[in-house]
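Undergrad: First the structure, which I've put down as structure tokens, then a few questions once you've had a look.
The values are calculated or read from the model by the stated rules, or taken from the named source; none is laboratory data. All figures in this text were calculated on a predicted structure; none of them were measured in a lab. Every residue, glycine among them, receives a Cβ derived from its backbone with ideal geometry; neighbour counts consider all protein chains shown.
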Amino acid sequence: MSPRYRRPSLLLVFLALFLSLDVRCQNSPAPYEFHGLPVRSDLANPTIEKKVDALLKQMTLDEKVGQLVQYSVGTATGPGTGRDRYDDMVQKGEVGSLYNLADVKAANYYQHIAVEKSRLHIPLINGLDVIHGYRTEFPVPLGLASTWDPEIVEKAARIAAQEASAAGVRWTFSPMVDIARDPRWGRMTEGAGEDPYLGSQIARAYVRGYQGKNLSAPDSIAACAKHYVGYGAAEGGRDYNSTEISEHTLREVYLPPFYAALDEGGASIMSAFNALNGVPSTANPFTLTQVLRREWQFPGLAVSDWTSIRELMPHGIANDGATAAFKAFSAGVDMDMQSNLYHEHLVDLVKGGKISEAQIDEAVRHVLRVKFALALFDNPYTDETRENHGELSEQKLNVAREAAERSVVLLQNEPVSGQSVLPLNHALHSVALIGPLADDPQQMLGSWSARGKASDVVTLRAALEQCLGAARVKYAKGGEITSATDAEVATAVDAARASDVVILALGEDAGVMTGEAASRAHLDLPGGQEELLEKVSATGKPVVLVLFSGRPLTLNWAFTHVPAVMAAWFPGVQAGPALVRLLFGDAAPSGRLAVSWPHSLGQIPDFYNALGTGRPADDSGSANAGTHEAKYVSRYVDEPNAPQFPFGYGLTYTEFRFSTPQLSAKKLSATRLSEDLRSRKTNTSTVMTVSADVTNTGKVAAEEVAQLYIGLRGTSVEEPVRALKAFERVSLAPGETKKLTFSLTPESFALWDIHNERTVEPSQVRIWVGPDSRRGNVVEMYLTE
Ligand code: BGC
């Protein structure tokens with residue numbers, strides 16, 4: 001157990017938390033019920049509590065409210081406030097946090113005003129969206145999740161924290177842990193995909209990386225789990241749109257990654273833009289108070305999203321700013337990002353008796369805990385000689401390349417003239433490299449690239465020319481991402497004709513089509529790229545499609561006509577070297593899909609961990625449509641149910657065989673597991689193991705991601721037919737076999753039952769171990785009374 005998780009005096013901490021929560025939650029209608037675990041955190045300790053108490057006693061009401069106010073200095077992703085006299089506001093103690101300041105001198109400048117010139121010398125906490133790297137840009141988060149490798153995600157987040165903290169940033173608005181089941185939503189690129197278990201493991205890895213061993217270290221930055229909650233379920237995939245999620249699904253699917261991030265010690269959480277079941281997330285007492293504070297006992301800071309408090313007015317639940325501030329604050333949002341409404345109204349709301357000063361104290365306590373935990377009172381300034389920590393280094397670039405290599409998913413690799421197209425042969429005489437994304441460094445950085453620089457990126461073209469020599473690479477852009485002239489296409493076709501093999505680098509525009517406010521109603525290749533693909537393929541040359549995107553794209557033509565396809569996402573600064581190593585087999589692909597890849601738009605939402613139906617269709621869906629038995633089942637008449645590629649899927653240059661799983665127990669007592677759940681002996685106590693042999697049956701060394709799924713039957717509520725519960729990356733030489741042993745805990749079998757209680761129920765359990773969410777060998781066991 002690391003020191004961070006040691007709880008020296010639990011009783012004191014719980015007492016302090018309970019007393020403080022009691023005050024903040026006084027208006028909450030829900031009865032106290034303990035559903036979850038107290039989150040592990042280095043914010044909740046008696047030393048910090050004493051310091052917070054002492055400081056609170058000295059603060060005026062205005063100074064307290066100041067701690068709850070946050071303003072952006074710099075790049076905006078939303079409307080401004082009209083307030084820009086930051087020096088003046090900071091000096092008066094009217095601001096608790098600034099963000100979008102990513103310059104060490106500027107950060108120290110404002111900190112100096114806060115610490116030396118404000119009455120109580122309370123430091124600012126300086127935030128920034130450090131999402132998949134600060135200067136050293138790693139693959140976009142969906143790519144990082146496709147590594148199924150929490151260790152590399154943690155390493156990437158650690159490097160990001162070191163670089164960002166060297167620039168005076170001590171708080172990142174990351175990880176985005178929103179479950180996303182709809183690829184139309186542009187922000188799918190910012191998260192870890194569709195699965196709560198994978199999402200939780202990845203969320204924990206980011207938090208460990210950002211916050212390091214201890215938040216107080218100068219190179220640690222506070223994490224922020226966002227967007228709480230349900231934002232990824234935006235109806236129609238349209239950003240900012242409403243969501244309807246039952247409490248059961250909320251608890252089983254959408255909340256777990258948030259819980260995981262906070263349980264790992266995550267210091268803060270951000271309330272989302274969307275309405276959840278008719279109540280905007282930024283004014284939602286159920287999620288912000290009942291779940292977050294009462295059940296999870298979260299001691300840290302809840303910040304709003306950019307102007308999401310002001311947006312309660314267009315949402316229609318507040319007709320003026322004071323009401324919006326009142327609703328957000330009473331629901332549990334501690335800090336107002338950019339709405340300017342806490343600044344304007346909280347003092348008056350207290351004076352008018354609508355909010356008590358004790359409630360304000362409680363919110364300020366959450367902010368101060370984070371500031372003390374970051375040791376900002378002792379070390380408010382960033383050592384400007386650390387600035388070189390922000391520079392690229394060989395070691396960091398190696399991590400970036402490794403992460404990129406592991407993030408790429410080989411979707412298809414069919415034989416041409418009896419041999420798989422990939423890996424390519426180093427001895428090839430000539431390669432045509434075609435497409436608008438082959439040599440565009442800015443695109444490789446994806447959306448949200450903090451202080452990433454296009455000049456740091458090695459593109460596919462640069463890496464390929466370095467590998468083969470420029471003379472063997474015939475490069476033709478073939479047009480822009482959204483448009484192409486006949487002449488550009490013709491030049492590309494000529495280049496293809498004159499080469500042995502064609503690599504096509506096609507896809508989306510990272511800035512315009514992925515990320516925030518970038519939802520798409522069409523998921524095909526934009527502009528003239530489909531035509532370019534078809535014309536180049538018509539030359540008859542073997543084609544490898546390297547697809548750059550922030551989400552799965554529906555590419556039916558490509559999947560039926562192009563022999564080799566790789567999903568490269570947006571791979572970051574080392575895009576080119578990683579791709580070239582994979583294309584030529586110097587590294588074997590090992591990325592696995594973190595989202596189901598649909599055939600067509602009509603299948604969306606299409607996620608693997610769906611419930612069964614009373615009329616399940618066979619896998620092929622429409623294949624038996626003619627027969628009477630096959631008609632009245634849950635299916636489309638014009639499209640299979642199965643996705644193009646399932647969750648967990650990915651090919652490589654070898655094949656793996658899985659043995660039938662062996663269980664250490666065929667029966668377990670559901671009652672005993674439920675008791676363990678309640679007494680909090682959950683994810684640490686193994687109750688059984690599942691082992692399986694994995695063999696590399698091919699001729700190439702490679703890594704497999706072995707995946708364990710379970711399905712429960714006979715429960716009080718329907719559970720997913722399959723749900724991921726464990727996975728492991730394993731490296732195997734040709735012919736090698738390794739035995740993998742997975743631990744299952746009470747958590748692995750737990751569900752939210754028909755009364756919305758967390759429990760383990762008597763049931764029949766099916767357990768699969770295999771290469772993805774649709775394959776693998778299955779065994780059964782029972783959870784008895
Ligand atoms: C986004 C957040 C982000 C915030 C601050 C908002 O528009 O939704 O994810 O953290 O801006 O930049």
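Undergrad: Mind checking which residues of segment 253-281 are outside any strand (DSSP E or B), more than 15 Å from the ligand (Cβ to nearest atom) and more than 17 Å from the chain's Cα centre (by Cα)?
TA: Result: Asn277, Gly278.
Undergrad: Right, another one. Out of the residues in segment 329-366 that are within 16 Å of the ligand (Cβ to nearest atom) and of a type in the set (Asp, Glu), which is surrounded by the most Cβ atoms within 10 Å (Cβ to Cβ)?
TA: Going through segment 329-366, the residues within 16 Å of the ligand (Cβ to nearest atom) turn out to be 333-340.
The next check asks that each one be of a type in the set (Asp, Glu); those that pass are 334, 336.
Values: Asp334: 28, Asp336: 31.
Among them, the one singled out is Asp336.
Undergrad: If a residue has to be within 14 Å of the ligand (Cβ to nearest atom) and part of a helix (DSSP H, G or I) to count, how many in segment 172-205 make the cut?
TA: So the first thing to find is which residues in segment 172-205 are within 14 Å of the ligand (Cβ to nearest atom), and the list is 172-178, 180, 185-191.
Checking which are part of a helix (DSSP H, G or I) leaves us with 186-190.
Total satisfying the criteria: 5.
Undergrad: Have a look at Glu465, Glu488, Glu508, Glu480 and point out the one that is modelled with pLDDT of 95 or more and under 22 Å from Asp239 (Cα atoms). I'd like the intermediate steps shown before the answer.
TA: Details: Glu465 fails: under 22 Å from Asp239 (Cα atoms); Glu488 fails: under 22 Å from Asp239 (Cα atoms); Glu480 fails: under 22 Å from Asp239 (Cα atoms).
Exactly one of Glu465, Glu488, Glu508, Glu480 is modelled with pLDDT of 95 or more and under 22 Å from Asp239 (Cα atoms), namely Glu508.
Undergrad: Output the residue which, of all residues in segment 42-62 that are of a type in the set (A, V, I, L, M) and assigned to a helix (DSSP H, G or I), is farthest from Val347 (Cα to Cα).
TA: Among them, the one singled out is Ile48.
Undergrad: Here are Val130, Val69: which of them is farther than 26 Å from Leu346 by Cα and within 16 Å of the ligand (Cβ to nearest atom)?
TA: Unique residue meeting the criteria: Val130.
Undergrad: Oh, and also: Counting just the residues of segment 749-765 that are surrounded by 16 or more Cβ atoms within 10 Å (Cβ to Cβ) and either charged (D, E, K, R) or free of Cβ contacts under 8 Å to residues at least 40 places away in the same chain (or both), which one comes out nearest to Gly711 (Cα to Cα)?
TA: Glu761
Undergrad: Would segment 458-468 turn up any residue that is in contact (Cβ under 8 Å) with a residue 24 or more places away in the chain and touching a Lys or Arg at 6+ places or on another chain (Cβ under 8 Å)?
TA: Scanning segment 458-468 turns up no residue that is in contact (Cβ under 8 Å) with a residue 24 or more places away in the chain and touching a Lys or Arg at 6+ places or on another chain (Cβ under 8 Å).
Undergrad: What is the number of the single condition among (1) assigned to a loop (DSSP other than H, G, I, E, B); (2) crowded, with 22+ Cβ neighbours inside 10 Å that Val717 does not meet?
TA: In the conditions (1) assigned to a loop (DSSP other than H, G, I, E, B); (2) crowded, with 22+ Cβ neighbours inside 10 Å, Val717 misses (2) alone.
Undergrad: Considering segment 366-386 alone, what residues qualify as being more than 28 Å from the chain's Cα centre (by Cα) and assigned to a helix (DSSP H, G or I)? Walk me through how you get there before you give the answer.
TA: Within segment 366-386, the subset more than 28 Å from the chain's Cα centre (by Cα) is 377-386.
The answer is Glu384, Thr385, Arg386.
Undergrad: Moving to a separate point now. Collect the residues in segment 91-119 that are in contact with a Leu (Cβ under 7 Å, 6 or more places away or on another chain), away from the ligand (no atom under 16 Å from the Cβ) and either over 24 Å from Asp219 (Cα atoms) or at pLDDT below 95 (or both), keeping them in residue-number order.
TA: Residue satisfying the conditions is Gly93 alone.
Undergrad: Go through (1) assigned to a loop (DSSP other than H, G, I, E, B); (2) in contact (Cβ under 8 Å) with a residue 60 or more places away in the chain; (3) of a type outside the set (Ser, Thr, Tyr); (4) closer than 23 Å to Ala517 by Cβ one by one and return the number of the condition Ile245 breaks.
TA: (2)
Undergrad: How many of the residues in segment 224-238 are within 14 Å of the ligand (Cβ to nearest atom) and touching a residue at least 60 places away in the same chain (Cβ under 8 Å)?
TA: Total satisfying the criteria: 5.
Undergrad: Report yes if Arg678 is basic (Lys, Arg) and within 27 Å of Ile179 (Cβ to Cβ), otherwise no.
TA: yes
Undergrad: From Gly237, Gly191, Gly266, Gly186, grab the single residue that is surrounded by 24 or more Cβ atoms within 10 Å (Cβ to Cβ) and either in contact with a Cys (Cβ under 9 Å, 6 or more places away or on another chain) or more than 26 Å from Ala510 (Cβ to Cβ) (or both).
TA: Details: Gly237 fails: either in contact with a Cys (Cβ under 9 Å, 6 or more places away or on another chain) or more than 26 Å from Ala510 (Cβ to Cβ) (or both); Gly191 fails: either in contact with a Cys (Cβ under 9 Å, 6 or more places away or on another chain) or more than 26 Å from Ala510 (Cβ to Cβ) (or both); Gly186 fails: either in contact with a Cys (Cβ under 9 Å, 6 or more places away or on another chain) or more than 26 Å from Ala510 (Cβ to Cβ) (or both).
Step by step, each of Gly237, Gly191, Gly266, Gly186 is checked, and only Gly266 is surrounded by 24 or more Cβ atoms within 10 Å (Cβ to Cβ) and either in contact with a Cys (Cβ under 9 Å, 6 or more places away or on another chain) or more than 26 Å from Ala510 (Cβ to Cβ) (or both).
Undergrad: Of all strands (runs of 3 or more DSSP E) completely enclosed by segment 635-696, which ones contain at least 1 residues that are modelled with pLDDT of 95 or more and under 30 Å from the mean Cα position of the chain (by Cα)?
TA: 656-658, 688-696
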